[in-house]
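Just below is one structure, and these are the notes that go with it.
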Amino acid sequence: MRRALALIITIFKKDLVSELRAKESVVTMVTFSVLILVLFSMAFEPSRETVREILPGLIWMSLIFSGILGLNRTYARERFNDCLIGILSSPIAPYHIYIGKAASSLVQLFIVEIITFPLYFVFYDLEIDGSLGILLLTMLLGSVGFILVGTFLAALTSSLRSNDALLPVILFPLLVPVLL
């Protein structure tokens, strides 16, 4: 058990450190999420009641679209120079690799959420009605479900030539039950 956890943490650290050094995925994800926010705030001038009704969907839409950009990058580094074959031939179980990569993707998505989530309330001049704990728990569970499904499908489509286009096509129908 301890060895398995050490292997998962090794994969997690490798992915997270290489991402934070390169700043490719997180910066792209934050930029895309903020871009969606700005475009929708400029395109629509809805009433306060309408904003309260559509804001959850708008937040999830921007997080999922920006999250897909990150998921496409999950196995991109290993795809070059056949590094994925090297990782798979090491004495690490495939599910350890999956859990480590999913944890790294989840942290990256949390960074995006921490940066962009408050901006929605600033741009639309809203206050949080209800329990902040329930809101954060909902965001946590939705993010975990999205990342677990997305990381699995990113692994399946990573070796395909058109994986950037194929991942959202496969992922969106499977995310509907997770996000509902």
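The values are calculated or read from the model by the stated rules, or taken from the named source; none is laboratory data. Predicted, not measured: the structure shown is a model, and the values here were computed from it. No Cβ is skipped: glycine too gets one built from the backbone with ideal geometry, and neighbour counts run over all protein chains shown. Quick note on the areas: whole protein, heavy atoms, side chains included, nothing else; ligands and nucleic acids left out. Shrake-Rupley method; radii C 1.70, N 1.55, O 1.52, S 1.80 Å.
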task = Being farther than 24 Å from Leu63 by Cβ and in contact (Cβ under 8 Å) with a residue 40 or more places away in the chain is the filter here, so list the residues in the range 1-12 that pass it.
result = Ala4, Leu7, Ile8, Ile9, Thr10
inquiry  = Among the residues that make up the range 50-63, is at least one of them closer than 25 Å to Glu127 by Cα, among the small types (Gly, Ala, Ser), at pLDDT 80 or above and open to solvent by less than 40 Å² (accessible area, probe 1.4 Å)?
reply    = yes
Residue in the range 21-33 that is nearest to Asp164 (Cα to Cα), counting only those that are at pLDDT below 85 and open to solvent by 20 Å² or more (accessible area, probe 1.4 Å) = Glu24
query = Of the residues Ile36, Ile92, which is out of contact with any Asp or Glu (no Cβ under 9 Å at 6 or more places or on another chain), in a loop (DSSP other than H, G, I, E, B) and surrounded by 15 or more Cβ atoms within 10 Å (Cβ to Cβ)?
reply = Ile92
request  = Collect the residues in the range 15-31 that are assigned to a helix (DSSP H, G or I), without any contact (Cβ under 8 Å) to a residue 60 or more places away in the chain and under 30 Å from His96 (Cβ atoms), keeping them in residue-number order.
outcome  = Val17, Ser18, Leu20, Arg21, Ala22, Val27, Thr28
ask   = Across the range 136-157, which residue is nearest to Tyr95 (Cα to Cα) among those that are open to solvent by less than 50 Å² (accessible area, probe 1.4 Å) and more than 12 Å from the chain's Cα centre (by Cα)?
value = Ala155
key: Flag for Ile114 being among the aliphatic types (A, V, I, L, M), under 18 Å from Leu136 (Cβ atoms) and open to solvent by 30 Å² or more (accessible area, probe 1.4 Å)   = yes
ask   = closer than 24 Å to Leu55 by Cβ, assigned to a loop (DSSP other than H, G, I, E, B) and of a type outside the set (Lys, Arg), is that true of Gly130?
value = yes
query = Before we move on, is Leu84 part of a helix (DSSP H, G or I), surrounded by 15 or more Cβ atoms within 10 Å (Cβ to Cβ) and at pLDDT below 90?
reply = yes
inquiry  = List pairs: first residue in the range 64-75 and within 15 Å of Leu148 (Cβ to Cβ), second residue open to solvent by 20 Å² or more (accessible area, probe 1.4 Å) anywhere in the structure, Cβ distance under 6 angstrom, at least six positions apart or on different chains.
reply    = Ile68/Pro168
